[in-house]
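Before I ask anything, here is the structure I am working with.
The values are calculated or read from the model by the stated rules, or taken from the named source; none is laboratory data. No experiment lies behind these values; they were computed from the predicted model shown. FYI the Cβ positions are ideal-geometry reconstructions off the backbone, even for glycines, and counts take in every protein chain you see. In case anyone asks, the SASA skips ligands and DNA or RNA and just uses the protein heavy atoms, side chains included. Shrake-Rupley method; radii C 1.70, N 1.55, O 1.52, S 1.80 Å.
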Amino acid sequence: MNFAAEDEQPSVFFLKEDSRQSILTVFNWTDKERDHSIDLTDAGLAATGQYNVTDVIDNREIPAPTAGVLAVHQPPHSVRVWK
């Protein structure tokens, strides 16, 4: 598992449940805002695929990733979970 030193500990977790559904969880353990760019091809997904992304915690759809990248901006001490 790789993570940036600024993350202070592992922060991005990806679980591919099957060919149609995956779960991505991103933690911000730090005392400051953090940004991540998740490259879908690094997760074994097609960059040009059509994706429906749902925020699990807020139970709402979010915009689909553009150009094969999911951009994440988080406040301190937070978590984002998408399926």
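With a 1.4 Å probe and every protein chain kept in, tell me what percent of the accessible surface of the chain is carbon plus sulfur.
On the way: 2820 of 5680 Å².
That fraction is 50 percent.
Give me the percent of Cα-Cα pairs in the chain that sit more than 22 Å apart, rounded to a whole number.
Details: 761 of 3403 pairs.
More than 22 Å apart: 22 percent of the Cα pairs in the chain.
Name all residues of the stretch 65-83 having a backbone nitrogen under 18 Å from the label point set 7 Å from the Cα of residue 3 along its Cα→Cβ direction, giving them as ranges.
Taking a point 7 Å out along Cα→Cβ of residue 3, the residues of the stretch 65-83 whose backbone N falls under 18 Å are 72-82.
Which value, in Å², gives the accessible area per residue of the chain when a 1.4 Å probe is used on the protein heavy atoms? Please list the in-between numbers first.
On the way: 5680 Å² over 83 residues.
On a per-residue basis, the chain sits at 68 Å².
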